[in-house]
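A.B. asks: My structure is below; once you've seen it, I'll send some questions.
The values are calculated or read from the model by the stated rules, or taken from the named source; none is laboratory data. Computed from a predicted model, the values in this text were never measured in an experiment. In this analysis, Cβ positions are derived from the backbone assuming ideal geometry, glycine residues included, and neighbour counts consider all displayed protein chains. The protein model used for the area step is the full one, side chains on, heavy atoms only, and it has no ligands, DNA or RNA in it. Shrake-Rupley method; radii C 1.70, N 1.55, O 1.52, S 1.80 Å.
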Amino acid sequence: MSEFAKPRGTADILPEQAAEWRAIEDAARQLFETYHYREIRTPIFEHTEVFQRGVGDTTDIVQKEMYTFLDRGERSLTLRPEGTAGVVRAFVEEKLYGEMNTQKFYYLGPMFRYEKPQAGRYRQFHQYGVEVIGSSDPRVDAEVIGLGDHLLRQMGVKSFSLLLNSVGCPVCRARHREQLLAYLQPVRSELCKDCQSRFDKNPLRILDCKIDRDHPVVASAPKITDALCEDCARQFSQVQTYLDEMGISYEIDKTMVRGLDYYTQTAFEFVEGSIGAVSTILAGGRYNGLIQMLGGPDLPGIGFAGGVERLILARAAHGATQVGQDRVDVFVLALGEIATKPAARLLHELRSVGIKADSDYSGRKVKAQLKVADRLGARYVVLLGEDEVAAGQVAVRNLATREQVTIEQSELVSYLSEQVSLRF
Ligand code: ATP
Ligand code: MG
């Protein structure tokens with residue numbers, strides 16, 4: 001074992017894997033742009049209060065999972081555990097609400113949570129996500145959910161379930177809370193330690209507790225979905241109407257309440273069955289009230305976030321092949337000391353026009369170098385021996401057809417530019 005090891009719950013993404021990561025990130029960006037969402041990049045750390053306020057004091061994230069530290073100026077900072085609070089903080093601080101009625105953002109990047117690492121759960125992980133601020137129209141809910149559905153399909157996750165619920169607004173939540181507390185009071189002492197403290201602070205979360213949700217009394221507790229006020233009930237049914245119209249199937253799951261304090265109305269999760277214990281690959285919901293809570297105007301919002309690591313696990317479970325075979329177009333092979341200088345120049349010239357090229361720097365024999373060329377998947381080998389150097393020429397071998405031509409060095413770039421169609 002080496003003396004230095006990476007921190008628990010983090011990963012090195014090696015070049016082979018990075019190709020798949022990049023393909024996923026590129027495809028996600030392109031898809032978000034197709035829906036006319038615009039990228040926003042916010043800091044990796046924020047003032048701790050941003051998350052205390054924006055994620056909520058009673059959540060697992062704030063209570064147990066944040067990487068919080070004092071900087072040298074004694075300010076309390078926190079590595080971002082999720083993306084929404086930072087985006088909304090930026091939206092308010094930069095006064096983006098002046099620009100347009102509805103703003104649509106997306107982001108990609110690392111998040112940090114102090115969790116118990118396991119497959120699909122890490123301390124540094126990566127999310128892609130979207131936020132739409134400024135509209136409470138149920139068409140927006142359906143658009144955001146539809147975008148999540150589209151993304152997962154496009155990424156090669158062929159089957160998953162979409163769970164849908166409404167967690168209401170402060171009006172219906174207050175009413176439901178009374179019912180729930182009365183109902184749970186007799187079994188209060190049987191609940192887990194976390195739920196005992198949730199009892200007063202955020203009893204809705206008890207329904208979603210991984211330990212207590214199977215408790216018979218908790219399982220049959222009154223559901224917020226059955227206690228919605230008129231506005232929330234209408235919103236919920238309209239979201240379903242639009243999803244039906246778009247041909248997106250879903251299941252209503254009245255026990256799904258999501259982890260964050262600020263969710264209102266629509267809540268949803270995309271769940272994939274074959275990747276084990278942590279099967280939620282993408283989740284989101286509406287957060288009317290959050291923008292105001294972070295000091296902005298009273299505007300509604302909705303968004304989702306998905307985990308890249310869990311997406312990669314799901315892709316593998318669905319047989320999505322790894323992308324981005326690492327290969328070069330051209331391998332420049334210098335034979336002998338005398339060839340090294342012109343070879344270095346030609347390599348540079350090829351790369352300057354965007355031809356992906358590499359070379360061997362160890363001065364090995366032809367055979368060994370040709371093996372390297374083969375391993376790199378080169379389509380052409382440019383050979384420079386003593387004779388070629390003396391004549392100012394190069395030999396160009398097509399590795400697929402085995403054909404070889406000898407041309408002037410000065411013609412190499414234009415010759416290969418024609419042969420190699422550039423890949424993007
Ligand atoms: P879980 O119930 O699995 O802890 P969560 O409700 O905390 O999930 P969200 O905060 O909704 O998760 O984050 C959205 C998505 O980000 C999740 O569906 C998952 O794909 C991913 N995710 C969350 N936490 C982690 C983690 N620690 N490691 C890897 N991916 C994660
Ligand atoms: Mg979690």
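A.B. asks: Starting from residues that are open to solvent by 10 Å² or more (accessible area, probe 1.4 Å) and outside any strand (DSSP E or B), keep the ones in the range 279-294 and report whichever is farthest from ligand 2 (Cβ to nearest atom).
C.D. replies: Gln292
A.B. asks: Applying the selection to the range 259-275, what residues are in contact with a Phe, Trp or Tyr (Cβ under 9 Å, 6 or more places away or on another chain), closer than 10 Å to Tyr287 by Cβ and part of a loop (DSSP other than H, G, I, E, B)?
C.D. replies: Leu260, Tyr262, Tyr263
A.B. asks: If you don't mind, there's one more thing I want to ask. Answer yes or no: is there a residue in the range 29-43 that is within 16 Å of ligand 2 (Cβ to nearest atom), buried (at least 17 other Cβ atoms within 10 Å of the Cβ) and part of a loop (DSSP other than H, G, I, E, B).
C.D. replies: no
A.B. asks: Picking from Glu74, Glu131, which residue would you name as being away from ligand 2 (no atom under 15 Å from the Cβ), out of contact with any Pro (no Cβ under 8 Å at 6 or more places or on another chain), closer than 21 Å to Met293 by Cβ and of a type in the set (Asp, Glu)?
C.D. replies: Only one candidate qualifies: Glu131.
A.B. asks: With respect to Gly54, is the statement that it is under 27 Å from Arg198 (Cβ atoms), outside the structural domain of Leu108 (by TED's automatic domain parsing) and open to solvent by less than 60 Å² (accessible area, probe 1.4 Å) true?
C.D. replies: Against the criterion (under 27 Å from Arg198 (Cβ atoms), outside the structural domain of Leu108 (by TED's automatic domain parsing) and open to solvent by less than 60 Å² (accessible area, probe 1.4 Å)), Gly54 does not qualify.
A.B. asks: Also, quick follow-up: Name the single residue that is farthest from Gly129 (Cα to Cα) among those in the range 243-270 being in contact with a Lys or Arg (Cβ under 6 Å, 6 or more places away or on another chain) and away from ligand 1 (no atom under 16 Å from the Cβ).
C.D. replies: Looking at residues that are in contact with a Lys or Arg (Cβ under 6 Å, 6 or more places away or on another chain) and away from ligand 1 (no atom under 16 Å from the Cβ), I get Lys254.
A.B. asks: Here is a list: Arg41, Arg8. Which entry is in contact (Cβ under 8 Å) with a residue 12 or more places away in the chain and more than 16 Å from ligand 1 (Cβ to nearest atom)?
C.D. replies: Arg41 is the lone residue from the list that is in contact (Cβ under 8 Å) with a residue 12 or more places away in the chain and more than 16 Å from ligand 1 (Cβ to nearest atom).
A.B. asks: Would you say Arg198 is open to solvent by 70 Å² or more (accessible area, probe 1.4 Å) and within 19 Å of Arg173 (Cβ to Cβ)?
C.D. replies: Here the answer is no, as Arg198 does not meet what is asked.
A.B. asks: Restricting to the range 373-424, give me the number of residues that are among the hydrophobic types (A, V, I, L, M, F, W, C), open to solvent by 60 Å² or more (accessible area, probe 1.4 Å) and under 46 Å from the mean Cα position of the chain (by Cα).
C.D. replies: So the answer is 3.
A.B. asks: From the set of residues in the range 63-81 that are touching a residue at least 12 places away in the same chain (Cβ under 8 Å) and more than 20 Å from His126 (Cβ to Cβ), which is nearest to ligand 1 (Cβ to nearest atom)?
C.D. replies: Lys64
A.B. asks: Please determine whether any residue of the range 132-146 is within 23 Å of Glu39 (Cβ to Cβ), surrounded by 22 or more Cβ atoms within 10 Å (Cβ to Cβ) and within 16 Å of ligand 1 (Cβ to nearest atom).
C.D. replies: Within the range 132-146 (the criterion being within 23 Å of Glu39 (Cβ to Cβ), surrounded by 22 or more Cβ atoms within 10 Å (Cβ to Cβ) and within 16 Å of ligand 1 (Cβ to nearest atom)), the answer is yes, since at least one residue qualifies.
A.B. asks: I need every pair where a residue in the range 293-317 that is closer than 21 Å to Ala18 by Cα and near ligand 1 (Cβ under 10 Å from one of its atoms) has its Cβ under 7 Å from the Cβ of a residue that is in a helix (DSSP H, G or I) and of a type in the set (Val, Ile, Thr), sequence separation at least 6 or different chains.
C.D. replies: Val308/Ile24; Arg310/Ile275; Leu311/Ile24; Leu313/Ile275; Ala314/Ile275
A.B. asks: Something else about it: Restricting the range 89-128 to residues that are of a type in the set (D, E, K, R), buried (at least 16 other Cβ atoms within 10 Å of the Cβ) and within 16 Å of ligand 2 (Cβ to nearest atom), which is nearest to Gln292 (Cα to Cα)?
C.D. replies: Looking at residues that are of a type in the set (D, E, K, R), buried (at least 16 other Cβ atoms within 10 Å of the Cβ) and within 16 Å of ligand 2 (Cβ to nearest atom), I get Arg113.
A.B. asks: Tell me, yes or no, whether the range 350-369 has at least one residue that is open to solvent by 70 Å² or more (accessible area, probe 1.4 Å), part of a helix (DSSP H, G or I) and touching a strand residue (DSSP E or B) at 6+ places or on another chain (Cβ under 8 Å).
C.D. replies: Yes, because at least one residue in the range 350-369 is open to solvent by 70 Å² or more (accessible area, probe 1.4 Å), part of a helix (DSSP H, G or I) and touching a strand residue (DSSP E or B) at 6+ places or on another chain (Cβ under 8 Å).
A.B. asks: Can you tell me which of Leu191, Leu184, Leu151, Leu164 is over 28 Å from Ile40 (Cβ atoms) and surrounded by 22 or more Cβ atoms within 10 Å (Cβ to Cβ)?
C.D. replies: When all the criteria are applied, what remains is Leu184.
A.B. asks: If we scan the range 56-64, do we find a residue that is at pLDDT 95 or above and touching a Leu at 6+ places or on another chain (Cβ under 8 Å)?
C.D. replies: no
A.B. asks: Restricting attention to the range 239-258, which residues are in contact with a Gly (Cβ under 9 Å, 6 or more places away or on another chain) and either within 16 Å of ligand 2 (Cβ to nearest atom) or open to solvent by less than 40 Å² (accessible area, probe 1.4 Å) (or both)?
C.D. replies: Hits for the range 239-258 are Leu243, Ile248, Arg258.
A.B. asks: I've got another one for you. Can you pull out every residue in the range 60-78 that is surrounded by 12 or more Cβ atoms within 10 Å (Cβ to Cβ) and either in contact with an Asp or Glu (Cβ under 9 Å, 6 or more places away or on another chain) or among the basic types (Lys, Arg) (or both)?
C.D. replies: Within the range 60-78, Asp60, Ile61, Val62, Gln63, Glu65, Ser76, Leu77, Thr78 qualify.
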